[in-house]
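A quick write-up on the structure given underneath.
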Amino acid sequence: MTHYLTDSRALQGCVKKAVRETPVFDMHTHIYPPQFGELLLWGVDDLLPYHYLGAEFFRYSSQTPEEFFSLSKQQQAELIWEALFVDHSPVSESNRGVLTALNKLRFDVGARDLNAFREYFANVAVEDYVDRVFELANVEAVVMTNDPFDDKERQVWLNSKASSDPRFRAALRIDPVLMDWDRSASRLDGWGYRVTSLLTEETLSEISRFLYEWIERLKPLYLAVSLPPSFRYPEESKRARIIESCIIPVTRKTGIPFAMMIGVNKLINPRLGQAGDGVGRCDVGAVEALAGKFPDNRFLVTFLSRENQHEACVAARKFSNVMLFGCWWFMNNPSIIREITAERLELLGTSFVPQHSDARVLDQLIYKWSHSREIIAEILFEKYEDIRRTGWLVSEKEVRRDVKNLFSDNFKRFVGTKE
């Protein structure tokens, strides 16, 4: 006999427990297994100088970016610790994230002792630390971002040293092909592909060959690109031609989705390096046009601008081959996560992926999932409570089903993996 949750307090406790205990399949990150060497960022001296905090540092410091970036990573970490955590209260989300990660690792953050944190990381094996982070974040697997145009990563794959660790899954990133074809053509030509900057039929065929070969090598769960607010479809451009003639047929034939992360204005302040990117509102109609024209293709989509989120929900309601995912980058703030998650539940039910970590530093898995789980549990409880007041009750089994769909199974079904 099914036991339904009739009491509000019991319902809330059930939701919190299910959200806390359900493992996450983190569908978009920038982290790597230890076999990738220096590409794996981890520990406090990678966490502090990360560009989330770097952008804030310059709001307090008179030091120029050129001076700051000439320093060692450890020196940068010390300056950021002093400016953001000692001289000012660390209330921003990126600052709180560092504290959450350190606290979950059982450090005494109140002691404000950076050297104590460093001592731990100097004496822990990276393989053991990966295990500990995955356990603390309750993450069953992550999807990497794998770029064959990155020389360091390319060599890992070509030398067949990529990890066999099933917790790390691949995604093929092809930004250079779509965003800077003229330069990419030169690189592909050097790698033995018969391409030119002109999109001849032979060039388009060779771009497709390049994609097929890397899909075979990586076995990616999806093919991905980050796009600017100016992205339009249809449009008269090399980007649109490559999408139509290469990306769409290749992903359809191989059965993998095309993931579009739309809305980043690259380097609005180039002096800040990775911290210099901005955000802009996009044309959601581009996604609608692609989804409508290519109904046999699947599209994973996220937007960087808050102003796009309502339109995105409406678009996803109309096209079942579109899966909205995550609160990306500048959207990853509690007030915005709360708003977007509620909006998506109200318009899409549980048929979306509420979050991904976008972590570039391994430790970020800890805080991003800790913070997001808390918010998702709150919103999900509110929605169950809304329908409870109508007389519709849910059981613990149904709650766990819904959370599992949100945290892993929606994505797995969409990309066609059971692992």
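Here, each number is a calculation from the coordinates, and none is a lab measurement. Everything quoted here is computed from the prediction, not taken from an experiment. Note: ideal-geometry Cβ built from the backbone for every residue, glycine included; neighbour counts use all protein chains shown.
Counting other beta carbons within 10 Å of each residue's own, what order do T100, T200, T251 fall into, fewest first?
Listing T100, T200, T251 from fewest to most nearby Cβ atoms yields T200, T100, T251.
So what J values fall out for the stretch 240-246 if you push phi through Karplus, 6.51 cos²θ - 1.76 cosθ + 1.60 with θ = phi - 60°, rounded to Hz, Gly and Pro as x?
5, 5, 5, 4, 5, 8, 10
Before anything else, pin down the relative contact order of the stretch 225-319: Cα pairs under 8 Å, at least 6 apart, normalised by residue count, whole percent. Working shown, then result.
Numbers: 141 pairs, mean separation 31.2, N = 95.
Worked out over the stretch 225-319, it gives 33 percent.
Efficiency by 1/(1 + (r/R0)^6): what FRET value for N269 and I387, r their Cβ-Cβ distance, R0 = 45 Å, to the nearest 0.05? Before the final figure, lay out the partial values.
Working: r = 47 Å, r/R0 = 1.03.
Taking R0 as 45 Å, the efficiency between N269 and I387 is 0.45.
Shape verdict for the stretch 1-79, please, from the Cα gyration tensor: rounded (a/c under 1.5), prolate (a/b greater than b/c) or oblate.
prolate
Let me know the shape class of the stretch 42-94, please: from the alpha-carbon gyration tensor, a ≥ b ≥ c as square roots of the eigenvalues, rounded when a/c is under 1.5, otherwise prolate if a/b is greater than b/c, or oblate. Can you show the working numbers first?
Working: a/c = 1.65, a/b = 1.11, b/c = 1.48.
Since a/c reaches 1.5 but b/c is at least a/b, the shape of the stretch 42-94 is classed as oblate.
Pairs of alpha-carbon atoms within less than 8 angstrom and 6+ residues apart define the contacts here; what relative contact order does the chain have, in percent?
Here the relative contact order equals 23 percent.
How high is the relative contact order of the stretch 292-419? Use alpha-carbon pairs under 8 Å, at least six apart in sequence, and give a whole percent.
Values: 122 pairs, mean separation 29.3, N = 128.
Computed value for the stretch 292-419: 23 percent relative contact order.
Between E135 and R112, what is the label-point separation in nm under the 7 Å Cα-to-beta-carbon projection?
3.3 nm
As a footprinting exposure proxy, order V156, V314 by other Cβ within 10 Å, with the fewest listed first.
Lowest count first: V314, V156.
Would you mind checking which residues have amide H under 5 Å from A224's amide H? H placed 1.01 Å from N; only 5 or more apart, or other chain.
Long-range HN contacts for A224: L172, R173, I174, A259.
For D46, D128, what ranking results if the residue with the fewest other Cβ atoms within 10 Å of its Cβ goes first?
Fewest-to-most Cβ neighbours within 10 Å comes out as D128, D46.
Could I have the simple spin-label model distance between E346 and D128, label points 7 Å from Cα toward Cβ, reported in nm to one decimal?
With each label placed 7 Å out from Cα toward Cβ, I get 4.9 nm.
Quick check of the Kirkwood formula: for the stretch 272-419, what is the inverse mean of 1/r over all pairs of different Cα atoms, in Å?
16.5 Å
Return the sequence-ordered ³J(HN,Hα) values of the stretch 210-225 in whole Hz as given by the Karplus equation 6.51 cos²θ - 1.76 cosθ + 1.60 applied to θ = phi - 60°, using x for Gly and Pro.
Rounded to whole hertz, the list is 4, 5, 4, 5, 6, 5, 5, 6, 8, 6, x, 7, 7, 9, 9, 8.
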